[in-house]
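Take a look at the structure below.
Just so you know, all these numbers are worked out from the coordinates, no wet-lab data involved. Fair warning: this is a prediction, and the values are worked out from it, not measured in the lab. Here Cβ is always computed from backbone atoms with ideal geometry, including for glycine, and neighbour counts include all displayed protein chains.
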Amino acid sequence: MYDEAPTVSNDEGARPLPVAHVNGFAPTLPEFRNVVRTLGQVVDVDYIIPGCPPTPKLLKEALLALLSGARPPKGSVLAPDIALCDECARKDSKPADLHIDAFRRPHTFAADSAICLLAQGVVCMGPATRGGCGAVCVAGNMACTGCFGPTSRVRDQGAKILSSLASNIPADDARGIDAVLAGIPDPVGTFYRYGLAASMLRRHLSPHP
Ligand code: SF4
Ligand code: SF4
């Protein structure tokens with residue numbers, strides 16, 4: 001606790017500061033690197049518990065599995081290897097043949113809480129995302145943003161959903177396709193919110209990080 005507000009020099013407008021001089025102290029931040037890596041690209045990972053954050057149920061099941069001695073193979077993802085759509089309560093309302101004329105952002109309308117969000121034009125990452133959370137976001141009428149990552153059959157989560165959505169856009173010329181995709185103002189942030197470092201699009205790892 002400070003008796004009065006600390007004075008921090010930030011003349012160049014750099015935030016956050018690598019070093020801040022505060023009341024006689026100089027706390028520092030670790031050096032920033034020019035790439036973002038997954039944990040597995042830096043250290044040897046034994047098991048992966050997906051989610052941001054993982055659900056308590058998944059954590060409990062993972063701990064019990066590890067404590068039981070019947071350990072899964074090293075590198076396993078400790079969650080069901082099924083797509084989120086498979087455990088979503090709205091899966092029966094998802095048309096086998098989707099036609100998306102326009103994407104809608106969830107804050108611009110009241111989505112029907114019984115109908116698949118993709119069928120309503122809301123980008124839902126369910127088809128490209130691993131199940132295991134019980135589709136909690138969809139239960140709250142919010143689209144899945146993909147925090148459980150892909151299933152083992154999906155090489156690149158963002159590319160998978162992009163490919164899936166592109167095949168459901170009925171427009172067949174560049175102008176029409178662009179008009180539909182304009183409803184997704186931040187494609188990288190939407191499709192790779194959690195997985196850019198692990199994706200095929202990631203920046204090439206530099207020998208001089
Ligand atoms: S796309 Fe989303 S809302 Fe539709 S079934 Fe899959 S998880 Fe549920
Ligand atoms: S619905 Fe999607 S974003 Fe929400 S917790 Fe499940 S995997 Fe994560």
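Give a residue-ordered list of calculated ³J(HN,Hα) values for the stretch 139-146 (Karplus: 6.51 cos²θ - 1.76 cosθ + 1.60, θ = phi - 60°; whole Hz; x for Gly, Pro). Ordered by residue, 3J(HN,Hα) equals 4, x, 6, 10, 5, 5, 9, x Hz.
Ordering Gly132, Phe191, Pro72 by Cα displacement along the dipole of the chain toward the positive end leaves Pro72 in first place; charges were set at the Cβ atoms of Lys, Arg (+1) and Asp, Glu (-1). With Cα atoms defining each centre, the stretch 171-194 and the stretch 45-120 are spaced 23 Å apart in the structure.
What FRET efficiency, computed as 1/(1 + (r/R0)^6) with R0 = 22 Å and r the Cβ-Cβ distance, is obtained for Ala139 and Val43, rounded to the nearest 0.05? The formula returns an efficiency of 0.05 here. Assuming charge only on the beta carbon of Lys and Arg (+1) and of Asp and Glu (-1), the dipole of the stretch 49-104 about its Cα centre is about 300 debye to the nearest 20.
For the chain, what does -39500 (n - 2.57) per DSSP helix run (n ≥ 4), summed and divided by total residues, give at 222 nm, in deg cm²/dmol to the nearest 500?
Using -39500 (n - 2.57) per qualifying helix, the result is -5000 deg cm²/dmol.
For the stretch 106-117, backbone phi angles converted through the Karplus equation (6.51, -1.76, 1.60; θ = phi - 60°) give residue-by-residue couplings of x, 7, 8, 7, 8, 5, 5, 6, 10, 10, 3, 5 Hz, Gly and Pro being listed as x.
Amide hydrogen proximity for Ala83: with H placed 1.01 Å from N in the peptide plane, the residues at 5 or more positions away or on another chain lying under 5 Å are Gly131. Scoring 133-145, 56-68 by mean Cβ neighbours within 10 Å over their residues and listing the highest first yields 133-145, 56-68. The listed peptides 27-33, 92-98, ordered by packing as a protection proxy, come out as 92-98, 27-33 (highest mean of other Cβ atoms within 10 Å first). Net charge in the neighbourhood of Val45 (other residues with Cβ under 13 Å of its Cβ; Lys, Arg +1, Asp, Glu -1) is 0.
Cβ screening of the chain for cysteine pairs under 4.7 Å finds these without a partner: Cys85, Cys88, Cys116, Cys124, Cys133, Cys137, Cys144.
For the stretch 96-209, rounded, prolate or oblate, judged on the Cα gyration tensor with a ≥ b ≥ c (square roots of eigenvalues), a/c < 1.5 rounded, else prolate if a/b > b/c? Display every interim value, and only then the final one.
On the way: a/c = 1.90, a/b = 1.27, b/c = 1.50.
Note, shape of the stretch 96-209 comes out oblate.
Taking the Cα centre of the stretch 51-209 as origin and assigning +1 to Lys and Arg Cβ atoms and -1 to Asp and Glu Cβ atoms, the resulting dipole is close to 680 debye. Taking a point 7 Å out from the Cα of Asp186 in the direction of its Cβ, none of the residues of the stretch 16-60 has a backbone N less than 17 Å from it.
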